[in-house]
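**Q** Take a look at this one; I'll ask things after.
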Amino acid sequence: MPPIDPDTFYAEISDSTGALAGLVSEADPALPVPSCPGWTIRSLATHVGRAQRWAAAITATRSAEFIEFRSVPDGKFPDDRAAQPEWLRAGAQRVIAAVQAAGSEPVWAFGTLQPASFWGRRMAHETAMHRADAEMAVGREPAFAPLLAADAIDEWLGFLSGPLYDRPDPRLAALPGGGSLHVHATDDELDGTGEWLVSHADSAITVSHGHGSADVALRGPAALLLLVLTRRLSPDDPAVQVLGDGDLLSGWLEHTPF
């Protein structure tokens, strides 16, 4: 994947949080969010604001250790509806400022040490995805810039769906031994860079970039592929193509929830 300027991630955090803040000010807080079973608009907004403050605390303190999610200061979603949008926006600005200040200094990142810039990327995609969840909950069609959607796919396939916190790699159950999955984002803006091959061989999952034959291929715009891979959109949607073993793709999706 071509590198993405950190300012692009910061803009995504700010813009998606602003969009979510606008939805929160308009929607019924008890409205269910179907793409996040058991969540409402209020609980989704609470999660986003806490996640941003959590990432900000990790980077601002240069923590090499896990910080308890619920221990982060100012993590309570305001009961006053008029204060809720600003609480969300403040969380976005807090994490942006913390990551900018920490730069490349190493911090905790899901059991490893990574440059603090890791959290700019992670919070950009986390915020954008949950902004999309809120939009879908109120009947709006979410949109993602192709380059950012492709980068979110890259993060999802190669890292987030894998063995975080020393857990067994769930992708091993998602893809049978010897099996392979090809994901092909067709956007012109990606200039041919939006392709991944996921393979299960020798009891390990590998994710490589580029074109290749596979048992099943998923093709379409990066934004829609991201929604399919994170189980927000059915692979049966006519805007995407599934070529090959559809059951293998179904198994992958079943074992890799976002």
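The values are calculated or read from the model by the stated rules, or taken from the named source; none is laboratory data. Quick caveat, the model's predicted, so the values are computed rather than measured. Neighbour counts are summed over all protein chains in view; Cβ atoms, including those assigned to glycine, are modelled from backbone coordinates with ideal geometry. Accessible surface is based on the protein model in full, side chains and every heavy atom, while ligands, DNA and RNA are left aside. Shrake-Rupley method; radii C 1.70, N 1.55, O 1.52, S 1.80 Å.
**Q** In Å², and per residue, what accessible area does the stretch 5-104 have when probed at 1.4 Å with the other protein chains present?
**A** 46 Å²
**Q** To continue, here is another question. First compute the accessible area of the stretch 1-103 with a 1.4 Å probe, then give the percent of it belonging to carbon and sulfur atoms. The partial results should precede the final answer.
**A** Details: 2750 of 4810 Å².
After summing per-atom areas, the C and S share lands at 57 percent.
**Q** Name the residue, out of Phe77, Phe66, Phe118, whose mean-square fluctuation peaks in a Gaussian network model built on the chain with Cα pairs under 10 Å.
**A** Judging by the Gaussian network model, the answer is Phe66.
**Q** Can I ask one more? Which whole-Hz ³J(HN,Hα) couplings does the stretch 246-258 yield from phi under the Karplus relation 6.51 cos²θ - 1.76 cosθ + 1.60, θ = phi - 60°, glycine and proline marked x?
**A** Result, rounded to whole Hz: x, 5, 5, 5, 4, x, 4, 5, 4, 9, 10, x, 8.
**Q** I need the P(r) histogram for the stretch 8-128: all alpha carbon pairs, bin width 10 Å from 0 out to the longest distance, whole percents.
**A** Here the calculated profile for the stretch 8-128 is 15, 45, 31, 9, 0.
**Q** Given 20 °C and 1.002 mPa s, how large is the Stokes-Einstein diffusion coefficient of the stretch 130-254 in µm²/s, with Rh as the Kirkwood radius over Cα pairs?
**A** Numbers: Rh = 14.8 Å.
In µm²/s, the coefficient is 145.
**Q** Which value in nm describes the separation of the simple spin-label points at Glu141 and Thr61, placed 7 Å from the Cα toward the beta carbon?
**A** Calculated label separation equals 4.5 nm.
**Q** Can you give the direction-averaged projected area of the convex hull of the alpha-carbon atoms in the stretch 97-174, in nm²?
**A** Mean projected area for the stretch 97-174: 6.6 nm², to one decimal.
**Q** Which three extents, in whole angstrom, do the alpha-carbon atoms of the stretch 1-61 cover along their principal axes, largest first?
**A** 37, 27, 22
**Q** Can you work out D for the stretch 66-129 in µm² s⁻¹ from Stokes-Einstein, where Rh is the Kirkwood radius over C-alpha pairs, the temperature is 10 °C and the viscosity is 1.306 mPa s? Please report the intermediate quantities before stating the final value.
**A** Working: Rh = 13.1 Å.
The diffusion coefficient I find is 121 µm²/s.
**Q** Length gain on complete extension for the stretch Asp7 to Ala97, per 0.36 nm per residue less the alpha carbon to alpha carbon distance?
**A** Using 0.36 nm per residue and subtracting the Cα-Cα distance, I get 31.3 nm.
**Q** Give me the Å³ per residue figure for the convex hull around the C-alpha atoms of the chain.
**A** About 124 Å³ per residue, rounded to a whole number.
**Q** Still on this structure, please answer the following. Explain nothing, just compute: Karplus ³J(HN,Hα) = 6.51 cos²θ - 1.76 cosθ + 1.60, θ = phi - 60°, for every residue of the stretch 83-93 in order, whole Hz, x for Gly and Pro.
**A** For the stretch 83-93, the Karplus-derived couplings read 8, 5, x, 5, 4, 5, 4, 5, x, 4, 5 Hz, x marking Gly and Pro.
**Q** Can you list the HN-Hα couplings for the stretch 235-240, worked out from phi with the Karplus curve (6.51, -1.76, 1.60; θ = phi - 60°), rounded to whole Hz and with x for Gly and Pro?
**A** For the stretch 235-240, the Karplus curve yields x, 7, 4, x, 7, 10 Hz.
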